[in-house]
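Some notes on the structure that comes next.
The values are calculated or read from the model by the stated rules, or taken from the named source; none is laboratory data. This is a predicted model, so every value here is computed, not measured. Positions of Cβ are backbone-derived with ideal geometry, glycine not excepted, and every protein chain shown enters the neighbour counts.
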Amino acid sequence: MSKVSGRTERVAQAGETMIKVENLKKHYGGGGVFAQPSVKAVDGVNFSIKRGETLGLVGESGCGKSTLGRTLIRLEEATEGTISFDGTDVTTLTGDELKDWRRNAQMVFQDPESSLNDRMTIGEIIREPLDAHDWKDKQDRQERALDLLTAVGLREEHYYRYPHQFSGGQRQRVGIARALALEPEFIVLDEPVSALDVSVQAKIITLLEDLQEEFDLTYLFIAHDLSVVRHICDRVAVMYLGKIMEIGETEELYENAHNPYTRSLLSAIPHPDPSSSSHRITLPGTPPSPRDPPTGCQFSTRCPAKIRPEEYAHVEHEVWDAIERYREVVRERSRMSLGTFDRLKRSVGRFSAYDDIDETVADLFDDLDVPADIREHVETAAELVKDGRPEDARSHLIDEFNGVCDMQRPELHQVANGGHLSYCHRHTDEYEDVDPVITRRTRDT
Ligand code: ADP
Ligand code: MG
């Protein structure tokens, strides 16, 4: 038997490292000569999960959480990196060893409406993984399915019903029962309550906590905002554009977040005390495409604490933010290829695809007090865009406004004890740390 198989022969202790992920990447597509660049859904993550703990994984939609969860349990093949379970790299397991190990790691999906097969009875759905693994005999499998129904708070008579006869909360209980069928040690819970009514959410979370206790489970609990995971997780990892930005023990991370992205997410949670001095940080723009992530820090295009070139250090936040938005617009322009119609118009001396750049400039800068040198660079870029040279416009803005955050990937820095790590250039001695920058910023707005 391989080291990572059945829990019966396991002698492992709670609290030791169970899963260790190193430089894990999952890229989609991108092969072939004419293919588009690959989607870098997960782009080099490192973390570990201790036996018996719940690690939260939080971040905006599309940042790679589900992909990371699926890759961990090998529903997807990793593009690069290793995933060790109790010291064995499972990315290379094949055949019987893989099948054996798969029992150990299960997943509960976000949407209980679509994750259950509507043509199977509840009993069949829960039994399916047992059947697939030839678990004991038919009688035992049926008994186990009935036991699982009770374990998740359903009743034995539900066995012969169909999913459509159930509410969202009940369906999610079925999904959980199914995930438990093969006695896994590790379960990825992919937004298990996001699709449920608030009143039902609490019940499912309580159920998950009870089951964890009863069956010694280790969880990766995925959620899109920080408010859900605070009470259920021992530690939390915050993800952005395929990268883990910050990870730490839950209370430490909530009370003492170091990363500008985590700070922004936390500031968006309504504060129980409205007179509190913590101000909301509104993130400008949208996350860039994972096909074309920024060269430097993944968060650099939206970061409220981005490091500026020395000569612009004292420019007002509003002006600097407008420059960032403008750069985003120009960057998108330079990505758009010219359509046939545009080329035609151009050939007859009329070219309108880029004309609205003046409007963008007006929208972004007209209400602001923009220093003359900045105004000049903005206008130079606008002229280049109108000239049909958005690439040159982009380069001009890069030359003028790029800082370390645009150019270099940060490192994960230890920011406090207990394995609290944050991915940001500001944690080096060379730059002012995040806190005073964010404080100044939120005070001004
Ligand atoms: P999250 O769960 O955080 O919302 P996902 O892991 O679902 O994010 O997706 C991360 C990124 O990977 C998204 O840009 C998504 O469009 C892309 N993606 C996910 N699955 C695939 C796939 N099978 N093929 C191509 N791109 C994918
Ligand atoms: Mg998801």
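Just the residues that are of a type in the set (D, E, K, R), within 24 Å of GLU411 (Cβ to Cβ) and loosely packed, with under 14 Cβ neighbours inside 10 Å, please, taken from the range 15-51. Talk me through it step by step, then tell me what you get.
Residues of the range 15-51 that are of a type in the set (D, E, K, R), as a first pass: 16, 20, 22, 25-26, 40, 43, 50-51.
When the remaining residues are screened for being within 24 Å of GLU411 (Cβ to Cβ), the result is 20, 22, 25-26, 40, 43, 50.
Across the range 15-51, there are no qualifying residues.
Quick one: which helices (runs of 4 or more DSSP H) sit completely within the range 353-431 and have at least 3 residues that are farther than 19 Å from LYS306 by Cβ? Quick ask: steps written out before the conclusion?
Numbers: elements: 357-365, 372-386, 390-401, 404-407.
Here the list reads 357-365, 372-386, 390-401.
ILE126 fails exactly one of the following numbered conditions: (1) away from ligand 1 (no atom under 16 Å from the Cβ); (2) closer than 28 Å to GLN298 by Cα; (3) out of contact with any strand residue (DSSP E or B) (no Cβ under 9 Å at 6 or more places or on another chain). What is the number of that condition?
Evaluating ILE126 over (1) away from ligand 1 (no atom under 16 Å from the Cβ); (2) closer than 28 Å to GLN298 by Cα; (3) out of contact with any strand residue (DSSP E or B) (no Cβ under 9 Å at 6 or more places or on another chain) leaves (2) as the failure.
Given the criterion in a helix (DSSP H, G or I) and of a type in the set (A, V, I, L, M, F, W, C), identify the matching residue among ALA202, ALA195. Before you say what the answer is, go through the steps one by one.
Working: ALA195 fails: in a helix (DSSP H, G or I).
Just one listed residue meets the conditions, ALA202.
Looking for something among the hydrophobic types (A, V, I, L, M, F, W, C), outside any helix (DSSP H, G or I) and either within 16 Å of ligand 1 (Cβ to nearest atom) or not assigned by TED's automatic domain parsing to the domain that holds SER84 (or both) - is there at least one such residue anywhere in the range 223-230? Spell out the reasoning first.
If we filter the range 223-230 for residues that are among the hydrophobic types (A, V, I, L, M, F, W, C), which is where we start, we get 223, 226, 228-229.
Next, from what is left, pick out any that are outside any helix (DSSP H, G or I): 223.
Applying the additional criterion that residues be either within 16 Å of ligand 1 (Cβ to nearest atom) or not assigned by TED's automatic domain parsing to the domain that holds SER84 (or both) yields 223.
Checking the range 223-230: at least one residue is among the hydrophobic types (A, V, I, L, M, F, W, C), outside any helix (DSSP H, G or I) and either within 16 Å of ligand 1 (Cβ to nearest atom) or not assigned by TED's automatic domain parsing to the domain that holds SER84 (or both).
Could you check ARG173 against (1) in contact (Cβ under 8 Å) with a residue 60 or more places away in the chain; (2) out of contact with any strand residue (DSSP E or B) (no Cβ under 8 Å at 6 or more places or on another chain) and say which number it fails?
(1)
Any residue at all in the range 69-81 that is closer than 19 Å to LEU421 by Cα and more than 12 Å from ligand 1 (Cβ to nearest atom)? Before you say what the answer is, go through the steps one by one.
Here is the first cut: in the range 69-81, the residues closer than 19 Å to LEU421 by Cα are none.
No, the conditions are met nowhere in the range 69-81.
Out of all the residues in the range 209-216, is one or more crowded, with 16+ Cβ neighbours inside 10 Å and either at pLDDT 95 or above or within 20 Å of ASN46 (Cβ to Cβ) (or both)? Spell out the reasoning first.
First, the residues of the range 209-216 that are crowded, with 16+ Cβ neighbours inside 10 Å: 211-212.
Of the ones still in play, those that are also either at pLDDT 95 or above or within 20 Å of ASN46 (Cβ to Cβ) (or both) are 211-212.
For the range 209-216, residues crowded, with 16+ Cβ neighbours inside 10 Å and either at pLDDT 95 or above or within 20 Å of ASN46 (Cβ to Cβ) (or both): present.
Kindly indicate whether SER264 is farther than 23 Å from ILE49 by Cα, under 18 Å from the mean Cα position of the chain (by Cα), assigned to a loop (DSSP other than H, G, I, E, B) and small (Gly, Ala, Ser). Spell out how you get there, then give the answer.
Numbers: farther than 23 Å from ILE49 by Cα: yes; under 18 Å from the mean Cα position of the chain (by Cα): yes; assigned to a loop (DSSP other than H, G, I, E, B): no; small (Gly, Ala, Ser): yes.
Here the answer is no, as SER264 does not meet what is asked.
Do we have LYS40 as within 12 Å of ligand 1 (Cβ to nearest atom) and charged (D, E, K, R) here? Let's see the steps before the verdict.
Working: within 12 Å of ligand 1 (Cβ to nearest atom): yes; charged (D, E, K, R): yes.
When the stated conditions are applied, LYS40 passes them.
Might you check whether a residue that is out of contact with any strand residue (DSSP E or B) (no Cβ under 6 Å at 6 or more places or on another chain) and hydroxyl-bearing (Ser, Thr, Tyr) occurs anywhere in the range 203-213? Lay out the reasoning, then the answer.
Quick first cut of the range 203-213, residues out of contact with any strand residue (DSSP E or B) (no Cβ under 6 Å at 6 or more places or on another chain) only: 203-213.
After this cut, where a residue has to be hydroxyl-bearing (Ser, Thr, Tyr) as well, the list is 206.
The answer is yes, given that some residue of the range 203-213 is out of contact with any strand residue (DSSP E or B) (no Cβ under 6 Å at 6 or more places or on another chain) and hydroxyl-bearing (Ser, Thr, Tyr).
Out of all the residues in the range 13-65, which are among the hydroxyl-bearing types (Ser, Thr, Tyr) and out of contact with any Phe, Trp or Tyr (no Cβ under 9 Å at 6 or more places or on another chain)? First the steps, then the outcome.
First, the residues of the range 13-65 that are among the hydroxyl-bearing types (Ser, Thr, Tyr): 17, 28, 38, 48, 54, 61.
Matches in the range 13-65: THR17, TYR28, SER48, SER61.
Looking only at the range 110-128, filter to residues that are surrounded by 19 or more Cβ atoms within 10 Å (Cβ to Cβ) and modelled with pLDDT under 95; which one of those is farthest from the chain's Cα centre (by Cα)?
Residues of the range 110-128 that are surrounded by 19 or more Cβ atoms within 10 Å (Cβ to Cβ), as a first pass: 110, 112, 115-116, 122-123, 125-127.
Retained after the next criterion (residues that are modelled with pLDDT under 95): 110, 112, 115-116.
Details: GLN110: 14, PRO112: 21, SER115: 21, LEU116: 24 Å.
It comes out as LEU116.
So, in the range 40-65, exactly how many residues are within 14 Å of ligand 2 (Cβ to nearest atom) and either among the hydrophobic types (A, V, I, L, M, F, W, C) or not assigned by TED's automatic domain parsing to the domain that holds TYR254 (or both)?
Qualifying residue count, the range 40-65: 5.
Looking at (1) more than 12 Å from ligand 1 (Cβ to nearest atom); (2) over 17 Å from LEU189 (Cα atoms), can you tell me which one GLY56 breaks?
Of (1) more than 12 Å from ligand 1 (Cβ to nearest atom); (2) over 17 Å from LEU189 (Cα atoms), only one is false for GLY56: (2).
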